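K.L.:
Next up is a structure, given as structure tokens.
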Amino acid sequence: MHAFEQHVTAWIIAVISHLGYAGLYAGMLGQAVGVPLPSEIMLAFSGYLASTHVLEIVPVMIAGAAGDVSGAVVAYLVGYYGGRPFLLRFGRLFFVRERELERADEWFARYGTRAVLVLKLLPGIRAFGSFPAGVTRMKLAPFLTYTILGSAIWSILFAGIGYTLGRNWDLLGVYARPTSFVLLGLVVVAIVAWVWVHIREERHRSKA
């Protein structure tokens with residue numbers, strides 16, 4: 001682990017240890033608007049605290065998901081009212097670089113509005129899907145639906161891993177990336193299946 005990551009991890013542990021659910025909520029909100037805080041570590045450490053009965057696992061999952069959704073809504077509103085020129089000019093204030101926006105744009109071009117869910121399950125750029133959603137004026141209802149689903153899956157998964165690993169929660173790095181890509185694969189399969197079923201239904205209707 002690099003020195004910077006060690007300092008960030010130590011700070012996260014200290015904040016959540018002192019503030020509990022509020023610290024987790026604030027940290028998850030921050031990372032959802034682009035602050036470079038590792039959501040996996042925040043959730044896993046909180047899950048570990050739940051395994052020692054300092055916190056409770058269900059409120060941990062709820063606080064993590066709620067913070068993630070809240071931050072995503074803030075990012076959506078920034079993109080919605082500021083537009084892409086605003087993000088390109090002032091994105092650094094939200095730790096958003098043009099490279100992340102371009103990667104998010106590629107996912108939106110490939111999966112449409114469902115890219116919000118796909119991006120929520122991708123480590124590294126999961127925090128940047130909300131800005132393009134706002135820029136493209138995606139309707140709030142589907143945005144919230146996909147965001148809540150993705151945030152819930154992510155929070156339940158990594159808080160659960162931390163709870164299961166207990167004192168060995170810091171082994172998370174061994175499991176985080178493979179787990180997230182398994183999740184992504186399942187989501188992509190589900191999207192492909194949905195599209196296939198939808199096309200079949202449309203064909204049947206046109207023949208009727």
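The values are calculated or read from the model by the stated rules, or taken from the named source; none is laboratory data. Just so it is clear, the model here is predicted, and its values are computed rather than measured. Here the Cβ positions follow ideal geometry from the backbone for every residue, glycine too, while neighbour counts run over all protein chains shown.
Listed here are the residues, each with its yes/no results for (1) under 25 Å from Lys139 (Cβ atoms); (2) touching a residue at least 60 places away in the same chain (Cβ under 8 Å).
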| residue | (1), (2) |
| --- | --- |
| Gly23 | no, no |
| Val35 | no, yes |
| Pro38 | no, no |
| His53 | no, no |
| Gly79 | yes, no |
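K.L.:
Does the stretch 99-116 contain at least one residue that is closer than 21 Å to Ile12 by Cα, out of contact with any Pro (no Cβ under 7 Å at 6 or more places or on another chain) and not charged (D, E, K, R)?
P.N.:
Checked the stretch 99-116: no residue is closer than 21 Å to Ile12 by Cα, out of contact with any Pro (no Cβ under 7 Å at 6 or more places or on another chain) and not charged (D, E, K, R).
K.L.:
Tell me the residue from Val35, Val60, Val54 that is at pLDDT 95 or above and either within 21 Å of Ala152 (Cβ to Cβ) or assigned to a loop (DSSP other than H, G, I, E, B) (or both), please.
P.N.:
Working: Val35 fails: at pLDDT 95 or above; Val54 fails: at pLDDT 95 or above.
Unique residue meeting the criteria: Val60.
K.L.:
Based on this model, can you work out whether Arg97 counts as within 18 Å of the chain's Cα centre (by Cα) and free of Cβ contacts under 8 Å to residues at least 12 places away in the same chain? Step through it out loud before you land on a result.
P.N.:
Working: within 18 Å of the chain's Cα centre (by Cα): yes; free of Cβ contacts under 8 Å to residues at least 12 places away in the same chain: yes.
When the stated conditions are applied, Arg97 passes them.
K.L.:
Looking only at the stretch 6-28, count how many residues are among the hydrophobic types (A, V, I, L, M, F, W, C) and crowded, with 22+ Cβ neighbours inside 10 Å. Can you show your working first?
P.N.:
Filtering the stretch 6-28 down to residues among the hydrophobic types (A, V, I, L, M, F, W, C) leaves 8, 10-16, 19, 22, 24, 26, 28.
Add one more test, that the residue is crowded, with 22+ Cβ neighbours inside 10 Å, and what stays is 16, 24, 28.
Number of matching residues: 3.
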